[in-house]
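The values are calculated or read from the model by the stated rules, or taken from the named source; none is laboratory data. Because the structure is a prediction, the values reported are computed rather than measured. So basically every Cβ, Gly included, is an ideal-geometry build from the backbone, and we count neighbours across all protein chains shown. Ligands, DNA and RNA are excluded from the accessible area calculation, which covers all protein heavy atoms including side chains. Shrake-Rupley method; radii C 1.70, N 1.55, O 1.52, S 1.80 Å.
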Amino acid sequence: MKRIGSINVVSKLKHNYWIRAAAMPVYFLSKKAEIFFYRYTEDSAFVRSLKDSCPGGRCFIVGNGPSLRVEDLERLKNEICFASNRIYALYDKTDWRPDYYLSIDKRIIRMEAETMAGLKDSVKFIANAGGIKNMDSRHGVHRLVMKENCVVRKENFRQKSVAEDVSRYVSNTLSVTCTAMEMAIYMGFREIYLLGIDHTFSVEINRDGSKTLNPGVKSRFEGAENKKDCLNWAYIEASTGCYQVYKDYADRHGIKIMNATRGGKLEVFERKNLDEILRQIENGGTNEKAPS
């Protein structure tokens, strides 16, 4: 019982507003140093090798939403795809594999490090993985550095810009989907389709810190959810604002980001019918695979 009590005390201290506020300047400076030195690493050099490797290309960013269908993934085998987190929960049901795999949340990475390290057939990018076992080049993992914003309460987070040079850092956007968009833009893709980005969560944390509970609402496809981690909830208004920043950036730079998710609640991007997209692709829309 003493052990449990001590854990609760540590947890309370970690989430205490004033303690976090006092520690933020030190944390922010340490991240600045990490970003500075990252540019001299092999990981950064590898990312630079991907710059504009798919000029004008088409790709799919596949989420873990409950609408995701295995049969849709089967039809994307010849397409360049980004995917994330527990997408591998579907691997026993399909031969499809993403070309690029990403994860940015340290809590998920800690829980799934061994599985992530063992993933094959994908180029793997992991952020916030410093010091975590199995998360380095020996395991086929390329480290990304995330630029932190000095925000004590994430529900108040406001994304201001898009990281254009991901060989220096990626943005902290509250969504790995946005990280994938930054990678895709950096690689030169101009036609980006979102799939399985339902933007539905069983718990939504609002700007004022209040929580909206959505009983019966699924956050992820079956097999991707875990009641103990952060994938079942979201800072909903903050993350929606992040998506809007990427929509505005894409519009200014002639990049098409379209939402081909079957249903869901993400209405920031133009909706496209997935079946129509796949029919066009299958009727002659070519797309060469990117180098890896």
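Listed values, structure above:
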{"item": "Ranked order, Phe36, Phe269 - accessible area, probe 1.4 Å, largest first", "result": "Phe36, Phe269"}
{"item": "Cut-off under 5 Å, modelled amide H: who pairs with Ile80 long-range", "result": "Phe60"}
{"item": "Kirkwood hydrodynamic radius (C-alpha pairs) into Stokes-Einstein, segment 98-246, 20 °C and 1.002 mPa s, D in µm²/s", "result": "131"}
{"item": "Ranking by accessible area, most exposed first, for Tyr169, Tyr38 with a 1.4 Å probe", "result": "Tyr169, Tyr38"}
{"item": "Given Lys93/Lys147; Lys211/Lys265; Lys77/Lys106, the pairs whose alpha carbons are separated by over 24 Å", "result": "Lys93/Lys147; Lys77/Lys106"}
{"item": "Virtual spin-label span in nm between Glu270 and Leu213, 7 Å along Cα→Cβ", "result": "4.1"}
{"item": "Sorted peptide list for 76-83, 213-220, criterion being average Cβ within 10 angstrom, highest first", "result": "76-83, 213-220"}
{"item": "Phi-based couplings in Hz for segment 243-254 (Karplus 6.51, -1.76, 1.60; Gly and Pro marked x)", "result": "4, 5, 4, 6, 5, 5, 4, 4, 4, 5, 10, x"}
{"item": "Mean-position separation - Cα centroids, segment 119-133 and segment 163-208, in angstrom", "result": "17"}
{"item": "3J(HN,Hα) from dihedral phi, segment 266-277, Karplus parametrisation 6.51/-1.76/1.60, rounded to Hz, x for glycine, proline", "result": "8, 10, 5, 9, 4, 7, 10, 7, 4, 4, 5, 4"}
